[in-house]
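This report refers to the structure that appears directly beneath it.
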Amino acid sequence: MPSVILKPVKERRLKAGHCWVYSGEIAKITGDYADGDEVEIRDTKDRFLGRGLLNTKSQITVRRFTTQKENLDEAFFRRRIEAAILYRDELGVTNAGRRLVFSEGDLLPGLILDQYGDFLVLQALTLGIDKRKSLIVRIARDLLQPRGIIERSDVPSRKLEGLKETKGVLWGDADGKVQLPLTEFSVEVNLLEDQKTGFFLDQRGNYARVASLCAGKRVLDCFSYHGGFALAAAKAGAPSVEVVEISDGAIARGRANAELNGLAGRIEFRCANAFDVLKQYDTDKRQFDVIVLDPPTFTRTKDKVGSALRGYKEINLRALKMLPPGGVLATFTCSHHIGPDLFKTVIVDAAADAKKTVRLMQTLTQSPDHPILPAVPETEYLRGFLLQVV
């Protein structure tokens, strides 16, 4: 088997539990190899560090799958996927909508597998996984007996692997349209067209937590997409709920979901740029009791963190100025480049400029079917704070 030999001291991150090997950490690659192949990882003294999949076109040249001397064959992938499913079952996450495999979080780097009732959605984020799609489909069909398996590998990160974006039906009968019953509400999603793999499954627990504070309250849900927080708030008894979302298609889907849940007329939908709306509402001295800020990532790279922080500060400043004493702000970032301390600093600065004192009610994160490995900080990407103005 080909071996990737690391430069001196470059094994430290792997020994600490991470699973990535960058191109600049490699001294040489021995043996005959092709991109996508299984390789052994060894330190400069030829000590075994694990096995992974190779892609010399990627800055992350090797992704480690195991620290054992075991083949990365179909039996291996079956064991790993079975273990991931069992973990969700033990968590009590229903198959109505759940992430079954979360890439590095389940020690299967590059593979995302979501379940929406009788349908599965697969994302192949790396070359190694892309070459093993048919193998994964066979395993998923055998273990879960779905009606259809859809691919949503239409993500920009594939370009870093030398791959094109792609989507479509991999197997079975599927038009992409499903109804997803969640605890607080139901939504109709299109698994072939909607963002991510169809829905923001990582926010499931946070919908319920925020909704628990919304009865009798005036609620503003910004960057709402299909209106998850707004639907949950209205269901919980909020008499006034307003949605701000820039996408016409998302607004149409949100309205349809409001009707589906018997909430037609109880949620006001506004198709506009949330930055502009927050600025205008601040000028107009509008007030709300609960404001939700759940924007898309403002940066995917470290070099754009500065501009992202300015964006986060602006929206949080505007929101805090519209909250009276006792008002609640649920604010999120989904960029792993914005760590919890950095995000908290943004909130503190925004509160100071808004001349508001806030207390931290709760720290929020991604739902537990998106497991976090402390040794792989990239697995923790969704961060939120539940804050009250005092």
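Every number in this text was worked out from the coordinates using simple rules, so none of it is lab data. Since the model is a prediction, treat every value here as computed from it, not as a measurement. A quick note on method: Cβ atoms are made from the backbone with ideal geometry, for glycine too, and the neighbour counts reach across all protein chains shown.
Its Kirkwood hydrodynamic radius, worked out from the mean inverse distance over all distinct Cα pairs, puts the chain at 22.3 Å. Normalised by the number of residues in segment 74-174, the average gap of Cα pairs under 8 Å and 6 or more apart makes the relative contact order 20 percent.
Within the chain, helices built from complete DSSP H runs that reach 15 Å or longer along their own axis (Cα positions) and carry a mean Kyte-Doolittle hydropathy of 0.5 or higher are 133-144, 340-354.
Which of the lysines could be linked to LYS279 by a straight reach, that is with a Cα gap under 21 Å, when you skip same-chain ones fewer than 8 residues away? Once the sequence-local lysines are set aside, what remains near LYS279 is LYS313, LYS321, LYS355, LYS356. Taking θ as phi - 60° and the Karplus parameters 6.51, -1.76 and 1.60, the scalar couplings of segment 263-268 work out to 10, 4, x, 9, 10, 8 Hz in sequence order, x denoting glycine and proline. The GNM of the chain, with springs linking C-alpha atoms under 10 angstrom apart, assigns the highest mean-square fluctuation among PHE332, PHE223, PHE275 to PHE275. Using bins of 5 Å that start at zero, the share of Cα-Cα pairs per bin across segment 104-147 amounts to 5, 22, 32, 25, 14, 2, in whole %. Karplus-based coupling profile of segment 364-374, in residue order and whole Hz: 10, 8, 5, 4, x, 7, 10, x, 9, 9, x, with θ = phi - 60° in 6.51 cos²θ - 1.76 cosθ + 1.60 and x standing for Gly or Pro. When a/c is below 1.5 the answer is rounded, else prolate if a/b is larger than b/c, else oblate, so apply that to segment 3-66 with a ≥ b ≥ c taken from the square roots of the Cα gyration tensor eigenvalues. Judged from the Cα gyration tensor, segment 3-66 comes out rounded (a/c under 1.5).
3J(HN,Hα) along segment 146-163, derived from phi through the Karplus expression 6.51 cos²θ - 1.76 cosθ + 1.60 where θ = phi - 60°, amounts to x, 7, x, 10, 10, 9, 10, 8, 9, 10, x, 5, 5, 4, 5, 9, x, 10 Hz, with x in place of Gly and Pro. Beta-bridge orientation, the chain: approximately 65 percent antiparallel, per DSSP, counting only bridges with both partners inside.
Need one number: the % of Cα-Cα pairs in segment 180-389 sitting beyond the 31 Å mark. Show your work: numbers first, answer last.
Details: 2936 of 21945 pairs.
So the portion of pairs separated by more than 31 Å is 13 percent.
Under the combined filter of DSSP loop state and at most 14 neighbouring Cβ atoms within 10 Å, segment 284-390 retains these trypsin sites (Lys or Arg not before Pro): LYS285, ARG300, LYS355.
Taking N as the residue count of segment 245-306, its C-alpha radius of gyration divided by 2.2 N^0.38 Å amounts to 1.41.
Got the relative contact order for the chain handy, in percent, Cα pairs under 8 Å and 6 or more residues apart? Mind showing how you got there, number by number?
Numbers: 809 pairs, mean separation 42.4, N = 390.
Averaging sequence separation for qualifying contacts and normalising by length gives 11 percent for the chain.
Over the C-alpha atoms of segment 17-129, the Rg to Rh ratio, Rh being the Kirkwood estimate, stands at 1.02. Computed over segment 74-174, the P(r) tail beyond 25 angstrom holds 12 percent of alpha carbon pairs. Residue pairs exceeding 22 angstrom between C-alpha atoms, taken from LYS28/LYS133; LYS10/LYS57; LYS167/LYS235; LYS159/LYS196: LYS28/LYS133; LYS167/LYS235. Placing a label point 7 Å from the Cα of LEU160 along the Cα-to-Cβ direction, the residues of segment 92-115 whose backbone N falls under 12 Å of that point are 110.
Name the shape class, rounded, prolate or oblate, that the alpha-carbon gyration tensor gives for segment 137-233, where a ≥ b ≥ c are the square roots of its eigenvalues, rounded holds for a/c under 1.5, and otherwise prolate holds if a/b is larger than b/c and oblate otherwise. Could you put the intermediate results ahead of the total?
Values: a/c = 2.76, a/b = 1.76, b/c = 1.56.
Prolate, because a/c is 1.5 or more and a/b exceeds b/c.
With the convex hull of its Cα atoms as the shape, segment 136-179 has an orientation-averaged projected area of 3.9 nm².
Counting every Cα pair in segment 202-290, what percent are over 22 Å apart? So the pairs more than 22 Å apart make up 20 percent of the total in segment 202-290.
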